[in-house]
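Encoded as structure tokens, the structure appears first; notes follow it.
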């Protein structure tokens, strides 16, 4: 039974507009085939919380089979027993064992859900700080079977002070790091993102990608504290994957507008297995080359409308970019990585600000996008 994880919808209960839109017209223009209807038994997992922060945060299971009489209804929910943790990220892809990690970001807590039987979800374990770091953001399943997680802050940072599960926003945070662990939180190794070689001390690991063939990992640095107005987060960091030694921090250069480099977001491995694209929430797109060398480069290759770009996805030689200010989802052909070329777009309507995209499992040529209120990923769910 195919199942689809989704990034958290913390404000699912109080947003007027929170839906999934099929971008079939976009990918058809890009040369892809239409999406077949989901098979019987499809489910959507939603990691959510009570917007009033009175009831428990919970995982909801929704019937996602259009042929079902109960299509779109909640099949069951699994409360965590914790209130107001700010349900945020799950893993972006459903793991092979159907054990899904999800974080309550403001509380710095992580749950491991067993979704082997979708209609009977279970909590396998729950854990907090790891290796002296707090507030995990992204979980990446490594090719060796472990999980690599970005932890934004040190565990003794003032960000770790909570009131009813809420992070102390706007506090002076201390730099976090990367933690390699098993899915239940047993630490294998860790490394600090603090870099004495640069003047900027506001480095907060956001997302990460594995380059196993080069023994490298690359992370980005946007702070999830929306009240942190001092951090500009134009950094990417390069790590030796085998021991999580931080090798270098590189600041992206501004694009033509002058601020496209700010708020580095998701790094994506290109088909050559050794180069990356990094997008920024300030609507820049950067090509990273030479990661196997002592002098990697990061080059601006594309800008998008506005200063509020959503989370893209890379599939084959297609780059799908949500652009909230344009109320659109764009498809770019990246066959020539130095010159990504927009080939099509789909307008989602003036009231829609697309934020996040994910491929369905039934057909890798299809695309769905989460849309909702405007706002950078920093601070948004």
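The values are calculated or read from the model by the stated rules, or taken from the named source; none is laboratory data. Just so you know, these numbers come straight off a predicted model, no measurement behind them. As a convention, Cβ positions derive from the backbone with ideal geometry for all residues, glycine included, and neighbour counts pool all protein chains shown.
For the stretch 63-77, enumerate the residues that are surrounded by 19 or more Cβ atoms within 10 Å (Cβ to Cβ) and modelled with pLDDT of 95 or more. Across the stretch 63-77, the qualifying residue is only 63.
Among the residues that make up the stretch 83-96, is at least one of them at pLDDT below 95, on the phi > 0 side of the Ramachandran plot and either buried (at least 16 other Cβ atoms within 10 Å of the Cβ) or part of a loop (DSSP other than H, G, I, E, B) (or both)? Among the residues of the stretch 83-96, at least one is at pLDDT below 95, on the phi > 0 side of the Ramachandran plot and either buried (at least 16 other Cβ atoms within 10 Å of the Cβ) or part of a loop (DSSP other than H, G, I, E, B) (or both), which makes the answer yes. Only residues that are free of Cβ contacts under 8 Å to residues at least 60 places away in the same chain and in a strand (DSSP E or B) were counted in the stretch 332-350, giving 4. From the residues in the stretch 118-139 that are in contact (Cβ under 8 Å) with a residue 60 or more places away in the chain and assigned to a strand (DSSP E or B), which one is surrounded by the fewest Cβ atoms within 10 Å (Cβ to Cβ)? Checked the stretch 118-139; the qualifying residue surrounded by the fewest Cβ atoms within 10 Å (Cβ to Cβ) is 124.
Working carefully through the options 380, 309, find the one that is modelled with pLDDT under 95 and within 25 Å of residue 208 (Cβ to Cβ). Working first, answer last.
Details: 309 fails: modelled with pLDDT under 95.
Going through 380, 309 in turn, just one is modelled with pLDDT under 95 and within 25 Å of residue 208 (Cβ to Cβ): 380.
Filtered by the rule that a residue be touching a strand residue (DSSP E or B) at 6+ places or on another chain (Cβ under 8 Å), surrounded by fewer than 17 Cβ atoms within 10 Å (Cβ to Cβ) and farther than 23 Å from residue 93 by Cβ, the stretch 248-281 gives 248, 251, 253, 254, 256, 257.
In the condition set (1) buried (at least 24 other Cβ atoms within 10 Å of the Cβ); (2) outside any strand (DSSP E or B); (3) modelled with pLDDT of 95 or more, residue 151 is compliant with all but (2).
Tell me, which residue of the stretch 205-247 that is in contact with a helix residue (DSSP H, G or I) (Cβ under 9 Å, 6 or more places away or on another chain) and closer than 16 Å to residue 172 by Cα is surrounded by the fewest Cβ atoms within 10 Å (Cβ to Cβ)? Write out each step before concluding.
Initially, the stretch 205-247 is screened for residues in contact with a helix residue (DSSP H, G or I) (Cβ under 9 Å, 6 or more places away or on another chain), giving 224-225, 241.
From what's left, closer than 16 Å to residue 172 by Cα: 224-225.
Working: 224: 25, 225: 23.
Checking each candidate, the answer is 225.
Per this entry, residue 104 is counted among residues that are at pLDDT 95 or above and under 20 Å from residue 169 (Cα atoms).
Considering the stretch 267-304, and only residues there that are assigned to a loop (DSSP other than H, G, I, E, B) and under 18 Å from residue 333 (Cα atoms), the residue that is farthest from the chain's Cα centre (by Cα) turns out to be 272.
In the stretch 27-45 there is at least one residue that is assigned to a strand (DSSP E or B) and either modelled with pLDDT under 90 or within 24 Å of residue 108 (Cα to Cα) (or both).
Residues that are loosely packed, with under 14 Cβ neighbours inside 10 Å and touching a strand residue (DSSP E or B) at 6+ places or on another chain (Cβ under 9 Å) within the stretch 282-293 comprise 290, 292, listed in sequence order.
Could you list, in sequence order, all residues of the stretch 59-82 that are touching a residue at least 12 places away in the same chain (Cβ under 8 Å), assigned to a loop (DSSP other than H, G, I, E, B) and out of contact with any helix residue (DSSP H, G or I) (no Cβ under 8 Å at 6 or more places or on another chain)? If you could, list the steps in order and put the result at the bottom.
Within the stretch 59-82, the subset touching a residue at least 12 places away in the same chain (Cβ under 8 Å) is 59-68, 74-82.
This time we only want the ones that are assigned to a loop (DSSP other than H, G, I, E, B), so: 64-68, 80-82.
Residues satisfying the conditions are 64, 65, 66, 67, 68, 80, 81.
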